[in-house]
Amino acid sequence: MSPDHKPILVIGGGIAGMTAAVEAAEVGYPVVLVEKEPSLGGRVVRSHRYFPKMCPPTCGFEINTRRIRGNPNIEVHTMATVEEVSGDVGAFRARIKKNPRYVTGDVSIDDSVVEQLTSDRPNEFNMGLDTTKGLYYPHTAAYPPLHVVDKEALSDGDVAVLTEACPPGALDMDMAEEEFTIDVGAVIVATGWKGYDPGNLPNLGFDRCPDVITNLIMERLAAPNGPTGGKILRPSNGEAPTNVAFVQCAGSRDENHLPYCSAVCCMASLKQARYIREAYPDAKVTVFYIDVRTLGRLEKFYYELVEDENITFVKGKVAEINEDPETHELILEVEDTVAGERPDSRFDMVVLATGIVPNTADSPIPLELDYDDYGFLNGATGVEGVFAAGCATHPCDVSRTTKESTAAALKAIQCLNRG
Amino acid sequence: METSEITVPEGENGQDEATPLDIPSPSTNGRPVRVDPDLEFIRALRRSGGDSLKKCMQCGNCSAACPLSPHVNPFPRKEMAWALWGMKDRLLTDPDIWLCHHCNDCSTNCPRQTRPGDVLGAVRQQCILHYAFPGILAKWVSHPKYLPILLAIPAILLGLAARYREAIGEFLGFSVPMGDRIVYSFAPMFPHWLLNSFFGLFTVLALAAAIIGVWRFSRGLKRSSVWGENPEPVKGVLASLGSVLLKVVNHDRFTTCDTDHSRSISHFFVFFGFIALTVVTIMVITGPFNPLIRGDFVYPFSLWSPWKLLANIGGLAVLAGILLMIWERLYFGHLAGTSSYFDWLLVWSIFLVVASGFATEILHMLRMVPHRHVAYFVHLVFVFGLLVYLPYSKFAHMLYRTTAMVMAERYGREAGKGAES
C-alpha cells in the first residue's frame with residue numbers, strides 16, 4: 001500500500017456512503033465524504049427501528065460515526081454538493097461547493113440561546129411535521145455535532161439575540177459559500193433515495209385527509225426524537241389510533257407511477273404494524289397488499305404477524321380513500337380478492353406505503369453515467385473508476401446496502417492500486 | 001311471474017371432486033373449478049379490444065375503482081381472471097359484463113395498464129356472437145371480410161322489390177300509384193304498401209331472431225356463479241323491468257363514471273333521437289288507421305307538420321350524438337376505450353343511416369332526379385342493415401344489457417351492494 005494514494009470521493013453520507021467511507025478508510029485509504037444535509041445519516045437515521053431485529057438505527061449509526069470521527073483518513077464535508085467531476089479513472093478532479101453553516105464549531109452553543117429565538121422554519125429532519133428555530137441542532141444523533149444557522153429564516157430580533165447571547169467565536173455570520181477542487185482516484189455514488197410524493201396519488205387522499213400519512217411520517221411519529229416524542233397519534237386530533245390500515249404499493253408496482261417494486265415497503269409496514277401493536281395493545285391493524293414480499297429470513301417476521309389476532313391481511317390494492325364528513329373515518333375502496341368482495345373498510349388512520357425514488361432521478365451526478373428509465377444508476381455506472389451502492393442503484397434495505405457499499409469500497413481500492 | 005330459478009353450477013364440467021388441476025376460487029363459492037382454458041376464446045378477446053389482458057396481475061384495483069361494481073363478487077377483476085384462464089362459459093353467463101357501462105375508470109387506474117373495460121367490451125361482443133341466432137349472421141357481422149355480403153343482401157332484396165313492384169302489387173292486391181294521381185313523392189319507386197310489407201316482414205324475422213338470442217342468453221345468465229348460493233329474488237320481473245327502464249332512460253349508470261362523462265351525453269342524444277324516430281316511423285306506418293294523426297295524414301308531410309318536426313329533431317339528435325361518439329373514439333380512445341371493428345360497424349351504420357336520410361330529404365326538397373332516388377335507395381340499404389342485423393351487431397346491447405340489468409335488479413345486485421342472500 002502506497003501512502004500517496006489519491007482519495008476516494010464518496011458522494012452521499014447516508015448509511016451507504018458512511019459504510020463505504022469507513023470500510024475504505026479503515027484499511028488505510030483516504031476518503032472524502034460529501035453530504036448535502038447538515039449532518040450524516042440520511043434516511044436511516046430518521047427511522048425508528050430497523051427490521052427485522054427491531055433495534056434502533058441510532059445504535060449502529062453511532063458506532064459508524066465513532067469510526068468516522070476517530071479515523072484521520074476520512075474528511076467529511078456536510079452541506080456540500082459535488083458540482084463537477086472531470087478526468088479519468090485514477091485522476092478525477094471534483095469541484096465541491098460547500099454552503100455556509102455560520103457555526104464555527106470552535107465554541108459550543110448553549111440550548112438556552114436557541115430557546116430565545118422566535119423564528120420558525122419547517123424541520124426537514126421530521127418530514128416538516130414540526131419546526132425548528134433559525135439556529136438549530138439537526139437532531140439528537142447529529143454528526144458532525146454542530147448547530148446550523150438558516151440565515152434566511154432568522155428574524156431581525158433573532159439576529160440581535162444571536163449577537164448578544166452567543167459566546168464570541170461561536171458564530172461567523174459572514175461565512176461565505178465555499179468552492180474547492182480535489183483530486184481523487186475513484187468515486188462512489190451513494191446518493192440514496194427519497195419517498196415517492198404522495199401528492200401524485202390524489203385518489204389515496206394524502207392531501208385531503210389529515211389522518212392519511214406516509215410510512216416515512218410513521219417512522220418520525222414513532223421515533224422518540226420525533227415531533228411527538230415517540231407517540232403515534234392521529235394528526236387530525238392528536239388522539240391514539242384504534243384501527244389502522246396499511247396501504248401497500250402506494251405508487252410502487254404501478255405503471256402510472258413507479259413501475260418497479262420498492263422492495264422494502266412490505267417489511268417497513270410489517271415493522272410499523274408492530275410499532276402500533278406494541279404502543280396500543282387493543283389497536284387493530286389491517287394490511288392491504290398485492291403480494292407480501294418478505295423474502296428469505298424476513299418471512300418469519302411476516303408469519304409472526306399473521307399469528308396476531310389483531311392484525312388482518314387483505315389481498316387487494318386500495319383504489320381510493322375518502323373521509324366520512326361526519327365521523328371523519330377513512331373509507332377505503334378495495335376488493336378483498338381472496339373473498340371476492342368489497343368489504344366495508346373504515347379506519348381512523350391510514351399509512352401509505354410509498355416507495356423509493358432515487359435522488360438521482362431529479363439530481364443526476366455531474367458525470368455521464370448510465371441510468372435506467374427511473375433514474376437508478378446501473379451497477380457498473382458506465383464510467384471506469386465510478387461505482388454506485390445502495391438505493392442509488394435499486395431499492396434495497398440497509399442490510400443489502402451495507403454489503404454493496406463494502407463491495408464498492410473494495411472496487412474503488414482495486415482501482416487505486418491498479419495505478 | 002316468479003318463474004326463474006337459479007342453480008349454481010357444480011364446477012365447469014359438472015364435477016365436484018378436486019383433481020390436481022382444480023383451483024378453489026372464491027368467485028365460485030369456494031368450490032373447486034376445473035380450469036379448462038379455451039385458447040381460441042382468449043385469442044378472440046385479445047383480437048377484439050382485449051389485447052392488454054395478459055398483463056393483469058389480479059390486484060383488484062379495478063373492482064375497487066369501479067363505481068358500478070357490487071360489494072359481493074365485484075367486477076371486473078374476476079372477469080379478468082376468467083378471461084386470462086379462457087373460462088368461456090363463466091364469462092358468457094356473467095351478468096356483470098353487461099352491468100359495466102365501459103366508463104374505463106378501471107382502465108385509467110390500472111397499475112398494470114391493462115384495460116379491463118375494453119376486455120369486458122370484447123367479452124360482450126363474444127357474448128352476442130355466442131347467443132345470436134342464426135349464428136352465421138353473427139359471424140358475418142363480426143368480421144370485416146363479410147361486409148360485402150351484409151351490404152349485398154339488402155341491396156339485392158330492395159332492388160328486386162323495386163324491380164318487381166307491380167307484380168308484387170298484383171299478387172298482394174295493391175296498386176302502384178302512377179303519374180298525376182299522386183303528389184310528388186317516392187311512391188312510384190317504393191309504394192308505401194311495398195315498404196311497409198318489406199320492412200315489416202324483415203323486422204318480424206329480426207325480432208324473432210332477437211327473441212331466440214335473448215332467450216338463450218337469459219337461460220345462460222341463470223347458471224352464473226355471481227348470484228351466490230340459492231339466491232332469493234327481491235323484486236318481481238315486471239317491477240325490475242320498470243326500474244331498469246327508468247335507469248336506462250335517465251342514463252343513471254352512465255353518469256356515475258369519473259373518467260369519461262361525455263359518453264353519457266353522446267349516448268343520451270342518440271338514444272332519445274332514436275326514440276323520436278321510432279315514434280315517427282310507427283305513426284307513419286300506422287298513419288291511415290291511426291286516430292292520433294289521421295286528420296293531417298297527407299303525403300308528403302309539410303316541414304312544419306309536428307311529425308316531420310319530430311323526425312327532423314330526432315334525426316339531428318342522432319347525428320349530433322353519433323358525431324360526438326366518432327370524435328370521442330377517434331381522439332379520446334384512451335378514455336372511450338379501444339374501438340374494435342364491432343364498435344365501429346355500429347357507429348358508422350348509425351351515422352350512415354342518418355346522413356343518407358338527411359341527404360335524401362334535402363335532395364328530395366331540391367327535386368333533384370335521379371339523385372334523390374339513389375340517395376333513398378342507399379338510405380334504405382343502411383336502414384335494413386341497422387334494423388335487420390340488430391340481433392347480431394353491437395346494437396343488440398340494448399337487449400342483452402337490459403336483460404342482464406333486469407336479472408341483476410331482480411336479485412338485488414346493485415352498485416355498491418351485495419346480493420341479498
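The values are calculated or read from the model by the stated rules, or taken from the named source; none is laboratory data. Note that the structure is predicted; figures quoted are calculated from it, not measured. As a convention, Cβ positions derive from the backbone with ideal geometry for all residues, glycine included, and neighbour counts pool all protein chains shown. These area figures cover heavy atoms from the full protein model, side chains too; ligands, DNA and RNA do not enter into them. Shrake-Rupley method; radii C 1.70, N 1.55, O 1.52, S 1.80 Å.
For the segment B:53-63, counting C-beta atoms of other chains within 10 Å of every residue's C-beta and taking the mean gives 6.
Computed over the range A:197-354, the convex hull of the alpha-carbon atoms projects to a mean area of 9.2 nm². Backbone amide hydrogens, once placed in the peptide plane, bring A:SER345 within less than 5 Å of A:LEU332, excluding anything fewer than 5 places away on its chain. Take every DSSP beta bridge whose two residues both sit in the protein assembly as shown; close to 50 percent of them are antiparallel. Looking at the range A:173-211, the GluC sites (Glu not before Pro) that sit in a DSSP loop and have at most 15 other Cβ atoms within 10 Å of their own Cβ are A:GLU177.
What are the membrane-span-like helices in chain B by this rule: whole DSSP H runs, Cα extent along the axis at least 30 Å, mean Kyte-Doolittle hydropathy at least 0.5? Span-like helices here: B:192-222, B:262-285, B:306-331, B:341-365. Solvent-accessible area of chain A (1.4 angstrom probe, protein heavy atoms only): carbon and sulfur portion equals 49 percent. Here the range B:24-131 has an Rg and Dmax of 12.5, 34 Å, counting Cα atoms alone. Taking the range A:228-254 and a reference point 7 angstrom along Cα→Cβ of A:THR131, the backbone N atoms nearer than 17 Å belong to A:228. Loop-located chymotrypsin sites (Phe, Trp or Tyr not before Pro) across the range B:179-287 with a Cβ neighbour count of 13 or fewer within 10 Å are B:TYR184, with loop assigned by DSSP.
The residues of chain A present an accessible area of 43 Å² per residue when probed at 1.4 Å with all protein chains retained. Near A:ASN243, the amide H atoms lying under 5 Å from its own belong to A:LYS284, A:ASP348, A:MET349; only residues 5 or more places off or on other chains count, and H is placed 1.01 Å from N.
Whole-Hz Karplus values for the range A:13-26 come out as x, x, 4, 5, x, 4, 5, 4, 5, 5, 5, 6, 5, 6 Hz, taken residue by residue from phi with 6.51 cos²θ - 1.76 cosθ + 1.60 and θ = phi - 60°; glycine and proline positions read x.
Where nothing but the Cβ of Lys and Arg (+1) and of Asp and Glu (-1) is charged, how large is the charge dipole of the protein assembly as shown around its Cα centre, in debye to the nearest 20? Don't skip to the end; give the middle numbers.
Details: 75 positive and 94 negative charges, 784 e Å.
In total the dipole reaches around 3760 debye.
Please go through the residue pairs A:LYS315/B:LYS235; A:LYS194/A:LYS271; A:LYS317/B:LYS247; A:LYS231/A:LYS403; A:LYS317/B:LYS55 and name each one whose alpha carbons sit more than 27 Å apart in this structure. As for pairs spanning more than 27 Å Cα to Cα, those are A:LYS315/B:LYS235; A:LYS317/B:LYS247; A:LYS231/A:LYS403.
Buried between B and A is an accessible area of approximately 1700 Å², summed over both sides with a 1.4 Å probe. In order along the range A:342-354, the phi-based Karplus estimate (6.51 cos²θ - 1.76 cosθ + 1.60, θ = phi - 60°) of 3J(HN,Hα) comes to 9, x, 6, 10, 10, 9, 9, 8, 10, 10, 8, 7, 6 Hz; Gly and Pro are listed as x.
From largest accessible area down, sort A:LEU367, B:LEU158; use a 1.4 Å probe on the protein chains.
Details: A:LEU367 30, B:LEU158 0 Å².
Most to least solvent-accessible, the answer reads A:LEU367, B:LEU158.
Looking at the range B:135-410, the accessible area is 51 square angstrom per residue; that uses a 1.4 Å probe and ignores ligands, DNA and RNA. Over all pairs of different C-alpha atoms, chain B has a mean inverse distance whose reciprocal, the Kirkwood radius, equals 23.4 Å. Other protein chain C-beta atoms within 10 Å of residue C-beta, averaged over A:253-266: 2. With R₀ fixed at 35 Å, the C-beta to C-beta distance from B:LEU201 to B:ASP38 puts the FRET efficiency at about 0.40.
Put simply, the amide H of A:VAL314, placed in the peptide plane, has neighbours under 5 Å in A:VAL287, A:PHE288, A:TYR289, leaving out anything fewer than 5 places away on its chain. Evaluating 6.51 cos²θ - 1.76 cosθ + 1.60 at θ = phi - 60° for every residue in the range A:31-41, the Karplus couplings come out as 9, 10, 9, 10, 10, 7, 7, x, 9, 7, x Hz, glycine and proline recorded as x.
Each of the trypsin sites (Lys or Arg not before Pro) that DSSP puts in a loop and that has at most 13 other Cβ atoms within 10 Å breaks chain A; the longest unbroken stretch is A:232-419. Counting only lysines at least 8 places from B:LYS54 when in the same chain, those with an alpha carbon closer than 16 Å to its own are B:LYS78, B:LYS88.
Using Cα-Cα distances under 8 Å and only pairs 6 or more residues apart, what relative contact order does chain B have, in percent?
Worked out over chain B, it gives 24 percent.
Seen against the Cα atoms of chain A and their longest principal axis, helix A:398-418 is set at about 20 degrees.
Which of the GluC sites (Glu not before Pro) found in the range A:264-356 are in a DSSP loop and have at most 10 neighbouring Cβ atoms, other than their own, within 10 Å?
Values: sites: A:GLU278, A:GLU299, A:GLU304, A:GLU307, A:GLU309, A:GLU320, A:GLU323, A:GLU326, A:GLU329, A:GLU333, A:GLU335, A:GLU341; in loops: A:GLU309, A:GLU326, A:GLU329, A:GLU335.
Taking the range A:264-356 and a limit of 10 other Cβ atoms within 10 Å, the loop GluC sites (Glu not before Pro) found are A:GLU309, A:GLU326.
DSSP beta bridges fully contained in chain A are about 50 percent antiparallel. Where in the range A:328-343 does accessible area fall by at least 10 Å² between the isolated chain and the complete protein assembly, at a 1.4 Å probe radius? Output list: A:GLU333, A:GLU335, A:THR337, A:VAL338, A:ALA339, A:GLY340, A:GLU341, A:ARG342.
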